[in-house]
Each structure stands twice: as structure tokens, then as C-alpha cells.
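> Pasting a structure here, questions to come.
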Amino acid sequence: MAKVQRIYDPVLENDWHAVYLASELKDQPVGVIILGERVAIYRSKDGVHALQDLCIHRGAMLSKGWVQNDVLVCPYHGWQYDASGQCVCIPAQPKGEKIPARAKAGVYACQEKYGFIWVCIGEPVADLPHFEEFADPSYRPLPCGPYHVAAAGTRVIENFTDFAHLMFVHQNLLGHPDYAELPDFQVVKEEGRIYIDQIPIFQPVAHSGSDKKEGTTYVYMKEVYRPLSARLSKADPSNGQTLWIMLTVQPVAEDECIVFMIVSRNYAFDVDDANFIQFQDTVFDQDARVIETQKPELLPLDLQVELNHKVDRFSIAYRRWLRELGVKVGTI
Ligand code: FES
Ligand SMILES: [Fe+2]
């Protein structure tokens, strides 16, 4: 079992993190890691739950146990924990004796939404990042990933905000080197978000459902609305076809993360969903290959450390915002 070390962050530990595909959480508990903290998630008839993945008796992992009558059973000596973390049964103890008051597991806030299981290991200070295009019937949402990345989540979010790489990393898919010059743009900062809007980008293919062989100039909006959650929309102004992508990062360690994504489109419902997922897999793999090589591994918030060009103004705004919020993990 790989060693994990708890890492502390005053902001990220009070935020929600997507940690698992909801469709994959069935009747067995699952172990996930958030900021080095082991968390056991499981499903009961009342919904989804998250407990510290540590039995207080002898430190076994509860996620290696099983769910029985809606309680989580430790695999070592069978102690049973309910959704509040209270131990409700110690099989070796004589019937009728009181369960020791200390027999409890830590409990975390947990919910299911947007096709993911979300957990907060601290005190949630806000709701989940909103994503209206998930429930809107004119859109068709598809969870993508999860993608394991050997890099800081902050590097992943910065990459998601970046336009100037599309023509190189995603050459002939999301951009073309002959169209690398970016238009002038302004970053807007509001309470809890930074965003840019109305950015035209020429794309040779753009998405797997595109029927335009000669390429299209899409108009983008990109927004970071949590330290590790962002979304974008790209629209074809000639026909209103719009694709939304929401990306959220589960910070496992300083330099390791798992990325969850939803793509939601208002067109090409007749195109096989698998095409869209596969396209996203290809694009994200292209990103990960670069992100995993970046040094320093952690995102420098001191703007003198890397060469910040004016075309990087959205990522500059992201770095400034992280500093303002006080995000520690994934930054230097
Ligand atoms: S370690 Fe969990 S029941 Fe003993
Ligand atoms: Fe990319």
C-alpha cells in the first residue's frame, strides 16, 4: 500500500472535490485520497457517505471492508460504522455491553451530483461549482475521465485556461500553428470567479461531432470559479452549436491529481457519445504529456519565476487569485 501523507491547505480542505464516478460506486466501498487524507466512500439506501478511511480499533482501512445493512464493516474485526461514523457493533464484545464512546470514525460531507461523488474533508464554505448545462434538457452531459495526472492540480487548471497551446499541443484538432496569434482580451474578476469571454479561435476539427471539414472559428468563454474547478463554452456563432466543458481536480498530493470532466453539448445528439468521450480522452492525454514535464512541478505564484507574457494574462490572473485566496497545495 502506497504511503500517503496528509497535506494541509486552509482553502482546499474546505472545498468540495469530485472523487469518483457516481455510476461506478455500487455496493462496495471505495477508497479515495484527498490532500493525502484517506477517505472511504460508500453507498447506502440513504445516499452516499464518506468516512475517514481508518478504523479506530487497529487502523485498518474501512474501504477494504464491505457494506452490510447500510453500515460500513471493517474488514479486520468486523466493527460496524453507521453514516454518522458511530460504531454500532463490535462483534467480539458480549451482547448487551455498551459500545465505547470513542469508537467512532471521522465523517465527511459527501454528495452525489453531476455524475460524480463529491467530498469535503473540512467545513464546506460554498456549494458545489454550478453547472447548469448538466440538467438543461437542451444539453446532453457526459462525464469523462477520470484522468490520473502526475502533476499539481494547479498546473492542470492553468492549462485549461490557456489558449496559446491549442495550436501546438492539440495541433490539427483544436488549433493550427498558422492561426496562433491571439486576439486582445481582458480578464474579468468578480467575487469567486475570473473569466474571459468572446475569444475567437480557429479550429480545424474542434470536436468529434463536427460536420465541418474545413474548420470553424469558435467563440470561447473560459472561467475559473474554484481554485481547482473551471469551465468553458465554445460556440459556433453560425448555428448556435455550443459545447460546455467543466473540469474539476481532485488534489491527491502536491504533485498528483485526478481530473474529472463533463462535456455537455446542445447538438449532434445522433452522434455516438463514445466519440465525444474518446475525443476528450485524446485531447486530455495530449495535455497531460506536457503538464507532467513542467518544472517547477508546483505553480509559481511569484510572477517573476517564469516568463509571464501578456498573452498569459488569464493564467496570471489565476495565479494572483490563488495567492489572494491563500491556496498552498500545488503552489510555490
Ligand atoms: S481494525 Fe477495524 S475492527 Fe479491528
Ligand atoms: Fe489543452
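Every residue, every condition in (1) without any contact (Cβ under 8 Å) to a residue 12 or more places away in the chain; (2) within 20 Å of Asn266 (Cα to Cα); (3) assigned by TED's automatic domain parsing to the domain that holds Ala50, yes or no:
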site	(1), (2), (3)
Pro141	no, yes, no
Ile157	no, no, no
Met167	no, no, no
Asp178	yes, no, no
Ile194	no, no, no
Ile201	no, yes, no
Thr217	no, yes, no
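> Could you please tell me which pairs satisfy a Cβ distance under 9 Å, a separation of 6+ or placement on different chains, a first residue in region 53-75 that is in contact (Cβ under 8 Å) with a residue 12 or more places away in the chain, and a second residue that is within 7 Å of ligand 1 (Cβ to nearest atom) and of a type in the set (Lys, Arg)?
Correct list of pairs: Cys74/Arg58.
Okay, residues lined up against (1) at pLDDT 95 or above; (2) farther than 20 Å from Pro146 by Cα:
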position: Gln5; (1), (2): no, yes
position: Leu21; (1), (2): yes, no
position: Leu25; (1), (2): yes, no
position: Val39; (1), (2): yes, no
position: Val48; (1), (2): yes, no
position: Tyr81; (1), (2): yes, yes
position: Val88; (1), (2): yes, yes
position: Lys95; (1), (2): no, yes
position: Pro100; (1), (2): yes, yes
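> A follow-up question, please. Looking at region 172-194 only, could you name the residues that are part of a helix (DSSP H, G or I) and in contact with a helix residue (DSSP H, G or I) (Cβ under 6 Å, 6 or more places away or on another chain)?
Going residue by residue through region 172-194, those that are part of a helix (DSSP H, G or I) are 177-179.
Passing the criteria: only Pro177.
> A follow-up question, please. Residues to consider are Val290, Val283, Val311; find the one that is modelled with pLDDT under 95 and within 16 Å of ligand 2 (Cβ to nearest atom).
One residue alone meets the criteria, Val311.
> From the list Leu21, Leu62, Leu35, which one is touching a Phe, Trp or Tyr at 6+ places or on another chain (Cβ under 8 Å), surrounded by fewer than 17 Cβ atoms within 10 Å (Cβ to Cβ) and not basic (Lys, Arg)?
Checking each option against the conditions leaves just Leu21.
> Okay, moving on. Out of all the residues in region 173-182, is one or more away from ligand 2 (no atom under 15 Å from the Cβ) and farther than 17 Å from Thr216 by Cα?
no
> Could you tell me whether Val119 is modelled with pLDDT of 95 or more, within 16 Å of ligand 2 (Cβ to nearest atom) and crowded, with 19+ Cβ neighbours inside 10 Å?
The answer is no for Val119.
The values are calculated or read from the model by the stated rules, or taken from the named source; none is laboratory data. Every value quoted in this text rests on a predicted model; they were computed, and no experiment measured them. Every residue, glycine among them, receives a Cβ derived from its backbone with ideal geometry; neighbour counts consider all protein chains shown.
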